[in-house]
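Asks: Sharing a structure with you now.
The values are calculated or read from the model by the stated rules, or taken from the named source; none is laboratory data. Computed from a predicted model, the values in this text were never measured in an experiment. For neighbour counting, all protein chains shown are included, and Cβ atoms are generated from backbone atoms with ideal geometry for every residue, glycine included. Calculation scope for accessible area: heavy atoms of the full protein, side chains included, ligands and nucleic acids excluded. Shrake-Rupley method; radii C 1.70, N 1.55, O 1.52, S 1.80 Å.
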Amino acid sequence: MSEGLAPADARPAVFVVSPAAEYATVLAAELPGAEVRWVPDGDQLLREAHARIPQVAVLYDRVSGTPLPQVLGILRQRAELAATHWLAVGSSGLGELLGAGADALIGDTTPPQALAAQVLTLLRRASQQTQLHERVERLQGRLDTWEHDEQVRDQLVHMLVHDLKNPIAAVIGLLQIIEEDAGLSDESRELLRLCRDESQHLLHLSVNMLDVRKIQAGKMNLRRELMFSPMFEEIIELARGDVGSALRERRLSVQVARDLSPVSADPEILRRVLANLLSNALKHSLSGSGIFVNVQPERQGGGVLISVRDEGEGIPAEDIPNLFAAFEQSRLTLHGRFDTGMGLAFCKMAIEQHGGRIWVESVRGEGSEFCMTLPYAQDVEDDEDDDYAELLI
């Protein structure tokens, strides 16, 4: 009967709460691998359970002192006894023990071998539950450690990137002032332009990292405005300036449909999205090729469709599924710079936070077209009108 029990130096405890010690003696003979301890009544069980946690407690219905259902109800509330299994034995009053939390019932005429087999089954269950609980605690400890490390990493990234923004912006401003010096040679002016473009790229990368973290943490609040056709033209022009002078080496075409229905969007965030898409088109196309920005009503009529198309290298089909995942898609650009994908990750999160969607259509060697939709503001206004009507009612 001892097969499957723990070694002798770590024997499981079995309490036998019975009117006479012989009940425990008989069971102990059938379970040599367990420490079988006799407990005379419920009051003693309360004391013994504090000194030694039993894996199984056998509760006979005819014991003196505090009623066992009441004692079991108290013990069931103790967290350290969560893995203990309770076996009620008797011919009467078992319903109350079952209601108090007994795991199994058995008659008091059951042969000792059958009783021992039932106890052995409960010991195995208790051992499995204990092992599972220990595993959960270890996993929880690892999770807590991971969450702490992730929080420290986020704080470090935020601190580094945030502290980089101001000096990079200052460098860009100083380079622009020096570049305007009429005494500079063409070669020096070209080098300064290159330095300014690279600094601008570094600034965009830093800001994107910050904003991706903000969106993931739910800390970016959109400052929505009603946007009409003229505002789209203005934002595209601002985004064009954000990309830098290298965009002059491309044939940029901008078409914004007249009299667009308004969308509710954050102009600054949308400007950043467009700057990222223009920068992406710049990095993956050659000098003299075209970049085409188009803003028009969506075919289904639910919003505005904005697209940025280039005549560049295109995107391999196997790269497209992970293209908008930060750090998941690193592609070597035509200009020898690795694209981390952070800018596209920001675009996806920002557009989805607006209630829109973004996707890419690309053929290798034929260029790429990034498309995104923004819903019309009418739906937002209708919701506000409904809320206002409810208040009036």
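Asks: Go through the residues of segment 120-129 one by one and say whether even a single one is β-branched (V, I, T) and surrounded by 11 or more Cβ atoms within 10 Å (Cβ to Cβ).
Replies: Yes, there is a match, as at least one residue in segment 120-129 is β-branched (V, I, T) and surrounded by 11 or more Cβ atoms within 10 Å (Cβ to Cβ).
Asks: If only one of I315, I291 is under 14 Å from F370 (Cα atoms), assigned to a loop (DSSP other than H, G, I, E, B) and either charged (D, E, K, R) or touching a Lys or Arg at 6+ places or on another chain (Cβ under 8 Å) (or both), which one is it? Step through it out loud before you land on a result.
Replies: On the way: I291 fails: assigned to a loop (DSSP other than H, G, I, E, B).
Exactly one of I315, I291 is under 14 Å from F370 (Cα atoms), assigned to a loop (DSSP other than H, G, I, E, B) and either charged (D, E, K, R) or touching a Lys or Arg at 6+ places or on another chain (Cβ under 8 Å) (or both), namely I315.
Asks: Of everything in segment 283-301 that's within 12 Å of A246 (Cα to Cα) and exposed (fewer than 13 other Cβ atoms within 10 Å of the Cβ), which residue is farthest from the chain's Cα centre (by Cα)?
Replies: If we take residues in segment 283-301 being within 12 Å of A246 (Cα to Cα) and exposed (fewer than 13 other Cβ atoms within 10 Å of the Cβ), then G288 is farthest from the chain's Cα centre (by Cα).
Asks: Residues that are touching a residue at least 24 places away in the same chain (Cβ under 8 Å), open to solvent by less than 30 Å² (accessible area, probe 1.4 Å) and not in a helix (DSSP H, G or I): does segment 231-239 have at least one?
Replies: No.
Asks: Using the structure shown, decide if L98 is touching a strand residue (DSSP E or B) at 6+ places or on another chain (Cβ under 8 Å), part of a helix (DSSP H, G or I) and surrounded by 15 or more Cβ atoms within 10 Å (Cβ to Cβ).
Replies: yes
Asks: Right, another one. Scan segment 271-278 and give yes if some residue there is touching a strand residue (DSSP E or B) at 6+ places or on another chain (Cβ under 9 Å), among the aliphatic types (A, V, I, L, M) and assigned to a strand (DSSP E or B), otherwise no.
Replies: Taking segment 271-278 as the starting set, the residues that turn out to be touching a strand residue (DSSP E or B) at 6+ places or on another chain (Cβ under 9 Å) are 273-274, 277-278.
If we keep only those that are among the aliphatic types (A, V, I, L, M) too, we end up with 273-274, 277-278.
Of the ones still in play, those that are also assigned to a strand (DSSP E or B) are none.
No, the conditions are met nowhere in segment 271-278.
Asks: Something else about it: Among residues belonging to segment 356-381 that are surrounded by fewer than 16 Cβ atoms within 10 Å (Cβ to Cβ) and modelled with pLDDT of 90 or more, point out the one that is farthest from the chain's Cα centre (by Cα).
Replies: E361
Asks: Quick one: which strands (runs of 3 or more DSSP E) lie wholly within segment 8-95 and hold at least 3 residues that are open to solvent by 40 Å² or more (accessible area, probe 1.4 Å) and free of Cβ contacts under 8 Å to residues at least 60 places away in the same chain?
Replies: 35-39
Asks: Also, I was wondering about something else. Residue under question is L164, and the condition is that it be modelled with pLDDT under 70 and under 15 Å from M209 (Cα atoms); does it hold?
Replies: So L164 fails the test.
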